[in-house]
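I have placed the structure first, in the form of structure tokens, so that the comments after it can refer back to it.
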Amino acid sequence: MHQTAFPAFANYQLGSDTIPYEVIRVVSDKTIEVRRMKAELDPSWKRDFIPGGFCGHTANNDSQKWIVTSDETQPVIRIRKQKSGRWGKNGWFYLSDKPVYFYDFNF
């Protein structure tokens, strides 16, 4: 079997949020095993919250900073490449060279 080079991360798109997973094992060109990573808000980033409206607004939502690390307590899951070329099943994973965590404070 020809082994295709895979990026080290698979970022899971869940609505407007993104959750980072690390690629643990490449099973085949169409199947990989991934594990969710831990994300902690970087203390250097302060939320610019403006009260009002339904529940307020975070003005600097797009400049968030997170510290993302491996989390060996999380289970390893298997994801597959669909006929459409997308990865996943109940939501989509986007392969990447860096882990991305994004929490939409404005949703």
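Distance between Cα centroids, region 43-89 to region 2-41: provide it in whole Å. Comparing the Cα centres of region 43-89 and region 2-41, I get a distance of 14 Å. Remark: the residue 98-residue 30 segment gains 22.4 nm on full extension, using 0.36 nm per residue and subtracting the alpha carbon distance.
The distance between label points at residue 8 and residue 57 comes to 3.8 nm (points 7 Å beyond Cα on the Cα→Cβ vector). Considering only 66, 37, 106, and ranking their Cα positions along the charge dipole of the chain that arises from unit charges at the beta-carbon of Lys, Arg, Asp and Glu, the one farthest toward the positive end is 37.
Spin-label model, residue 73/residue 86: points 7 Å from Cα along the beta carbon direction are separated by 3.2 nm.
Qualifying chymotrypsin sites (Phe, Trp or Tyr not before Pro) in region 13-74, where qualification requires a DSSP coil assignment and no more than 14 other C-beta atoms within 10 Å, comprise 45, 54. Using a ≥ b ≥ c from the Cα gyration tensor of the chain (square roots of the eigenvalues), is it rounded, prolate or oblate, where a/c under 1.5 gives rounded and otherwise the larger of a/b and b/c decides, a/b for prolate? Since a/c reaches 1.5 and a/b is larger than b/c, the shape of the chain is classed as prolate.
The numbers here are math on the coordinates, done by the rules we state, and not lab data. Since this is a predicted model, take the numbers as computed values, not measurements. Every residue, glycine among them, receives a Cβ derived from its backbone with ideal geometry; neighbour counts consider all protein chains shown.
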